[in-house]
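These notes concern the structure reproduced below.
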Amino acid sequence: MRTTARLAATLGLAAAAVCGPLTGASVAAQDATPTSLYAPSALVLTVGHGESAAAATPARAVTLTCAPTASGTHPAAALACAELRGAGGDLDALSSRDDVQCTRQYAPVVVTVDGVWQGKRVSYERTFANECVKNSYGTSVFEF
């Protein structure tokens, strides 16, 4: 009789362990409401040496989150977010600064940006002639 009680207790605990998380997941799924009034804006930016992202190995990568506040591993997250907001999230709209003088050395640098900007999927790739030209675009988005 003791063996039967022990077996029943073991089976009951096993069933609770297996089925308990399943019921919790369904309850959590029902309560899945947005926790923020802001559309997500989270990007991963990479830079590598080469003519295309397919041929280049990323040398550096940073994260940039702009909503609800600026954060991430980008060294100037607040400035980069402000610059992107000013361009409406259009990375092609970032123009080069006139006060930067770069050499004509060809050492291609490719930048990729992947993620979400104000709830919309972003996938961007651009090749610059060299590191100086890359840094001359915008104020801080590509400077990492």
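The values are calculated or read from the model by the stated rules, or taken from the named source; none is laboratory data. Note that this is a predicted model, so its numbers are computed, not measured. All Cβ positions, even for glycine, are placed from backbone atoms using ideal geometry, and neighbour counts span all protein chains on display. Note: areas computed on protein heavy atoms with side chains; ligands, DNA, RNA excluded. Shrake-Rupley method; radii C 1.70, N 1.55, O 1.52, S 1.80 Å.
Here is how the numbers come out for the structure above:
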item	result
Label zone at ARG85 (point 7 Å along Cα-to-Cβ), backbone N below 16 Å, the range 106-144	117-119, 139-141
The range 46-144, accessible surface, carbon-and-sulfur percent (1.4 angstrom probe)	51 percent
Accessible area of the range 62-136 divided out per residue, in Å², using a probe of 1.4 angstrom	55 Å²
